[in-house]
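*Asks:* Okay, handing you the structure first.
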Amino acid sequence: MPHDIKSLEVGANELWDVFGRLADRERHAELIRQWRNPGYTTPAEFHLVKEMIQSLRSQAKQLEVLQQGLIEGNRLILEAGAKKAL
């Protein structure tokens, strides 16, 4: 079964595009502008927004761990392949 390396590249490029959009400072600034409006929210709504931010932060940190695992795993695969080639 041949490996479809192009599909890996397409998937990785789409993933990094998403990361780029998530890191958009304009989106971040817009949220802060919205939050600073007088009477922004009720205590219950504030709690929901706060918890959503905490969840997104946790997921982002986990994505960072997964990304590092992917990079390290690929490095190990290349090392193993180089040893086989000898």
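The values are calculated or read from the model by the stated rules, or taken from the named source; none is laboratory data. Model, not experiment: these values are computed from the prediction. Note: ideal-geometry Cβ built from the backbone for every residue, glycine included; neighbour counts use all protein chains shown.
*Asks:* Quickly run through region 42-59 and pick out the residues that are aliphatic (A, V, I, L, M) and either within 17 Å of residue 28 (Cα to Cα) or surrounded by 10 or more Cβ atoms within 10 Å (Cβ to Cβ) (or both).
*Replies:* 48, 49, 52, 53, 56
*Asks:* Conditions first: (1) of a type outside the set (Lys, Arg); (2) in the same structural domain as residue 67 (by TED's automatic domain parsing); (3) over 28 Å from residue 71 (Cβ atoms). Residue 31 passes all but one, so which condition is the exception?
*Replies:* The failed condition is (2).
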